[in-house]
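K.L.:
Provided herewith is a single structure, encoded as structure tokens, for subsequent inquiry.
The values are calculated or read from the model by the stated rules, or taken from the named source; none is laboratory data. Everything numeric in this text was worked out from a predicted model, so none of it was measured. Here the Cβ positions follow ideal geometry from the backbone for every residue, glycine too, while neighbour counts run over all protein chains shown. For the accessible areas, the whole protein counts, side chains as well, though only heavy atoms, and no ligand, DNA or RNA atoms are used. Shrake-Rupley method; radii C 1.70, N 1.55, O 1.52, S 1.80 Å.
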Amino acid sequence: MGMTITEKILARAGGVSKVSPGDVAVVDVETSCLLDLSFLPEGWRKVLKVADPSKVVIIFDHLVPAPTVQAAECMKTGRAFAKEFGIERLHDVGANQGISHAVIADKAYALPGTVLVNADSHTCSAGAFNCAARGVGGPDMLYAVTTGKAWFRVGETIRYDLTGALRPGVSAKDIFLTIAGKWGAHVNQNIEYGGSGIHGMSLNARRTLTTMGTELSAEFVIFEPDDTLIEYVQARNPKPFFPTMPDQDAVYKERRAVDLGTIEPLVALPDTVVNNSVGISEVAGRKIDQAFIGACCNGTLDDLAVAARVVQGRKVAAGTRFIVTPSTEAIHRAAIQAGYVQTLMDAGAIVTTATCGACVGGHMGVLGPDEVCITASTRNFKGRMGDPSARIYMASPATVAASALAGQIAGAGEFFQGDVS
Amino acid sequence: MRNGRVWKFGDNINTDLMLPGPYLYRSSEQQARAVFMNNRPGWVDQVQTGDAIVGGFNYGMGSSRPAARSIRNCGVGFLLAETINGLFFRNAVNYGLLACECPGVSGAFEEGDTAELDIEAWTARNPRTRQTLKVSQVPQQLLEMMLGGGVYPVLERDGLIAPRVGEP
């Protein structure tokens, strides 16, 4: 019997002909990504040997620029580590700053057909690049950096066959909310996206979908490769890569069909995204204190363009805070050049520098007691963005921007009328 | 055989409940004092060394933060759940927290029961009801790390990281 994409990549990286669900695969890691948080003194240790410095990337993202002395100390440790071992790919505070998953996409550090590990849970983001990428813990990162290897329990795979195209004003976030609402958690399972519908999706849209796979508790989340991806990677990363399709007779736990043309904008209610999506009409009118667009999943240039389009010539509601955080400084600069930042600021939004920031409740948008936020970010757990009594709704950037204008949860349909898909 | 007094938790217990965001940058001692502060305040004063957590589906969903270290540092002897989130499981292996999947476990134990875990026979027994459940076997190489204090001792032994006084 054949293998899924994830199984084929793990087998290749493990130097074996086949892996199957239930196996523990020990594999060579092509890319290991450390973060500012990796260098917290509670978890980091003095490293004596690095397996291959050219396979290590360091990206400071959770608390940048440093809002605390300890955050500053973490980065100081990270810089010294990079210097000691000659790690060239260091994304420090500055022009190359950004959220790790978005930097990895900007630079095409994620190589199709290879394995990538990163100390942040949303690492399956890089699955949009046909890369077997998984978020791991701090100790896993020490293991990967020092040995060049990682282990994975191989799970079963759910295959999603996407067909058709999204209607105007509907985004990849809504695909996610549809899948999360209908099928819920994918614990110990891999997700594979393919089908004719993927070709009409930008890499940014694909990355929104893979990134959010973390919220389904999936192991690996991966897209089939296509020409769009291959050309993008070739133009940015000279290293060899291996676009990987599933075998014709790959064994899936289940195959599920999703017609993108039927997707509606949805909102996830607070505390979890699993089986918690509702239509906008069910929550429209609920007052919000803050609207947020950002994080690794929704701070892309496409997302900023949508937000700017919705607020163009309008004003954020009095008493509502609208915070927009581009995923990387490269995106931030592109958004300035495209005029999106001006448009957002004219409407009354705050556009911050690139960081995990408000999404992780770190800084630049933390919620106070009993506040209500609608967010296009990764996670809406109780207490995620600040005080545990705050309530976090999750939706697409278009819905969040429309809600910022209304001061309450609102759909964005009116801003896309007349568009063709 | 390991015996532990049972503390019951539901489905989808997430990492942010075990290790709230504001404590990410604190010491591991302070983090261990913050476990479940938002959903079960005071629990850290009640749990005793060797106690067991019995959880529902997708125990440990969420982030890569070292929530398993906090649970271990609270003195929890072992954790059984219907299913365990893959990332939390990795951290359990790496920080030396014995954590196993045990289908049916949440219906088989009440709070305060004793759970008897046998990781040779791979069973969990409730002596009150005399019910015995099958526990999903943890692969041998991972079990060795779980029981051996996690991955840090392995990396120290192999000369890859420097030893440090105190716990990781």
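K.L.:
Given springs between every Cα pair under 10 Å in a Gaussian network model of chain B, which of B:Asp11, B:Asp45, B:Asp118 has the largest fluctuation?
P.N.:
B:Asp45
K.L.:
Name the residues of the range A:141-181, by number, that are at least 10 Å² less accessible with every protein chain in place than in the isolated chain; the surface is that of heavy atoms, probe 1.4 Å, without ligands or nucleic acids.
P.N.:
The answer is A:Leu142, A:Tyr143, A:Thr146, A:Thr147, A:Trp151, A:Arg153.
K.L.:
Given the Cα atoms of the range B:2-157, and with Rh set as the inverse mean 1/r over their pairs in the Kirkwood sense, what is Rg to Rh to two decimals?
P.N.:
Here Rg/Rh amounts to 0.94.
K.L.:
Any of B:Lys8/B:Lys134; A:Lys149/A:Lys253; A:Lys49/A:Lys149; A:Lys8/A:Lys83 with alpha carbons more than 24 Å apart? Name them for me.
P.N.:
A:Lys149/A:Lys253; A:Lys8/A:Lys83
K.L.:
Over chain B, what is the mean sequence separation of C-alpha contacts under 8 Å (at least six apart), divided by residue count, expressed as relative contact order in percent?
P.N.:
Averaging sequence separation for qualifying contacts and normalising by length gives 22 percent for chain B.
K.L.:
Let me ask something additional. Which residues of the range B:139-162 bury at least 40 Å² of accessible area once all protein chains are present, versus their chain alone (1.4 Å probe)?
P.N.:
B:Leu142, B:Tyr152, B:Leu155, B:Leu160, B:Ile161, B:Ala162
K.L.:
So what is the relative contact order of chain A, in percent, for Cα pairs below 8 Å that sit 6 or more residues apart?
P.N.:
Averaging sequence separation for qualifying contacts and normalising by length gives 18 percent for chain A.
K.L.:
Which value, to two decimals, describes the C-alpha radius of gyration of the protein assembly as shown once divided by 2.2 N^0.38 Å?
P.N.:
After normalising by residue count via 2.2 N^0.38 Å, the value is 0.92.
K.L.:
Given a 1.4 angstrom probe, what's the average accessible area per residue across the protein assembly as shown, in square angstrom?
P.N.:
About 35 Å² of surface per residue is accessible.
K.L.:
Give the interface area between chains A and B as buried accessible surface, both sides summed, probe 1.4 Å, in Å² to the nearest 100.
P.N.:
3900
K.L.:
What is the percent carbon and sulfur in the accessible area of the range B:2-157, measuring with a 1.4 Å probe over the protein chains and ignoring ligands?
P.N.:
Carbon and sulfur: 45 percent of the exposed surface of the range B:2-157.
K.L.:
Run the dipole for the range B:1-106 about the Cα centre, Lys and Arg Cβ at +1, Asp and Glu Cβ at -1, nothing else charged, and hand back the magnitude in debye, nearest 20. Present the calculation step by step, with values, prior to reporting the outcome.
P.N.:
Details: 10 positive and 7 negative charges, 46 e Å.
Roughly 220 debye, rounded to the nearest 20.
K.L.:
Let's see if you can work this out: charge +1 on each Lys and Arg Cβ, -1 on each Asp and Glu Cβ, no other charges. What is the dipole magnitude of the range A:359-415 about its Cα centre, in debye to the nearest 20?
P.N.:
Numbers: 4 positive and 4 negative charges, 45 e Å.
Using only the charged Cβ atoms, the result is roughly 220 debye.
K.L.:
Counting only helical runs of four or more DSSP H residues, what would the 222 nm mean residue ellipticity of the protein assembly as shown come to if each run contributes -39,500 (n - 2.57) and the total is spread over all its residues?
P.N.:
Calculated from helices alone, the mean residue ellipticity at 222 nm is -7500 deg cm²/dmol.
K.L.:
Taking the C-alpha atoms of the range A:268-412, how large are the radius of gyration and the largest Cα-Cα span, Dmax, in Å?
P.N.:
Just the Cα atoms of the range A:268-412 yield Rg and Dmax of 13.6, 39 Å.
K.L.:
What percent antiparallel are the DSSP beta bridges of chain A, to the nearest 5?
P.N.:
Roughly 20 percent of the DSSP beta bridges within chain A come out antiparallel.
K.L.:
Against the empirical 2.2 N^0.38 Å scaling, what ratio does the C-alpha Rg of the range A:111-264 come to?
P.N.:
In units of the 2.2 N^0.38 Å rule of thumb, it is 1.02.
K.L.:
Using a loss threshold of 20 Å², tell me which positions in the range A:370-386 are less accessible in the complex than in their chain alone. Probe radius 1.4 Å, ligands and nucleic acids ignored.
P.N.:
The answer is A:Arg379, A:Phe381, A:Lys382, A:Arg384 - residues whose exposure falls by at least 20 Å² when every protein chain is included.
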